[in-house]
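The values are calculated or read from the model by the stated rules, or taken from the named source; none is laboratory data. In this text the structure is predicted, and so the values were computed from the model without any measurement. Backbone-built Cβ (ideal geometry, glycine too); neighbour counts: all protein chains shown. Note: areas computed on protein heavy atoms with side chains; ligands, DNA, RNA excluded. Shrake-Rupley method; radii C 1.70, N 1.55, O 1.52, S 1.80 Å.
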Amino acid sequence: MSSSILVVGPKLGVALVVLTVAAAVVATVGRLGHGRQILVAAGRAAVQLAAVSLLITAIVMSLWATAGFVVLMCVVAAGTAGRRITRGRHGWWAAVPIVVGSMSVVVGLLAAGLVPLRGIAVIPVAGILIGGAMTATSLAGRRILDELTSRWGEVEAGLALGLPPRDAVLLVCRPVAGQALVPALDQTRTVGLVTLPGAFVGVLLGGADPLTAGITQVFVLIGLLAVEAVAVVLTVELVARGRLLPARSAALR
């Protein structure tokens, strides 16, 4: 039995090109504004995964190389989330919720012995959790800043009434920040009924029994909920303290 869910060959390459172009065309025709970004993202994904595929064996054999790769993942995730939230150097504050949220869980799992201190185990677990923290930080940050932009008058009214800047911002942004957890909540609620996520399929194809694959997937989903909850709370706090606010809000910093 094949250990792959795809037949690798020329047809797969053609399919990838067709799907990428189709996505870009639909986004362009539908005026979603991301046609070019889809092409760039697909190209980067292909190049980056090809490079990682060639280097991963050497990386996982060394704990120092593993640690360096995890740091690289955190830096790239912070830069990506920061650009989504705000422009300029303040975007690097996005590293705080990403690193604290993901690494606290990774370190806890290593300390408890639930994840062995080996590159082949640390890198995929850290990658999943860092990716979840990045997504939650980006979604929370964007949603909060959009809300502040449309309701800035309420923040100014709170300041006029004597509220501290942090409290004035929290009145507006805290109620909407939790929406960043909706994708993770929906995925957890519907796992096994709507989707069979990557961890489950990967462990199953690796030769483990379905029960072990299911337990692994539950662990991943609950870990992601914990990581993303921490990331969202910290993102809210950073915005409220003026670290991730747009330029127009300089008075709150």
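Round to a whole number: what % of the accessible area of the range 93-199 belongs to carbon and sulfur, probe 1.4 Å? Walk me through the numbers before you get to the answer.
Numbers: 3530 of 5250 Å².
Accessible surface attributable to carbon and sulfur in the range 93-199 totals 67 percent.
Where only DSSP H runs of four or more residues are counted, the chain gives -25500 deg cm²/dmol as its mean residue ellipticity at 222 nm, each run worth -39500 (n - 2.57). Of the DSSP H helices in the chain, those with a Cα length along their own long axis of 30 Å or more and a mean Kyte-Doolittle hydropathy reaching 1.0 comprise 35-60, 63-85, 119-150, 210-240. Farthest towards the positive end of the charge dipole of the chain, among the residues Val75, Gly88, Val18, is the Cα of Gly88, using unit charges on the Cβ of Lys, Arg, Asp and Glu.
Net charge around Val176, counting only other residues with Cβ within less than 10 Å of its Cβ (Lys, Arg = +1; Asp, Glu = -1)? Walk me through the numbers before you get to the answer.
Numbers: positive: Arg143, Arg151, Arg174; negative: Asp146, Glu147.
Cβ neighbours under 10 Å give a net charge of +1.
Accessible surface computed residue by residue for the range 6-86, with neighbouring protein chains in place and a 1.4 Å probe, gives 71 Å² per residue. Let a ≥ b ≥ c be the square roots of the eigenvalues of the Cα gyration tensor of the range 1-142; is it rounded (a/c under 1.5), or, if not, prolate (a/b larger than b/c) or oblate? Oblate shape, in that a/c is at least 1.5 and b/c is the bigger or equal ratio. Across the chain, the mean sequence separation of Cα contacts (distance under 8 Å, 6 or more residues apart), normalised by length, yields a relative contact order of 21 percent.
Could you tell me what fraction of 2.2 N^0.38 Å the Cα radius of gyration of the range 58-98 comes to, as a two-decimal ratio?
On the way: Rg = 12.5 Å, N = 41, 2.2 N^0.38 = 9.0 Å.
In units of the 2.2 N^0.38 Å rule of thumb, it is 1.39.
Across the range 1-131, the relative contact order, built from alpha-carbon pairs under 8 Å that are at least six residues apart, equals 19 percent. Taking all protein chains as shown and a probe of 1.4 angstrom, Thr149 keeps an accessible surface of around 80 Å².
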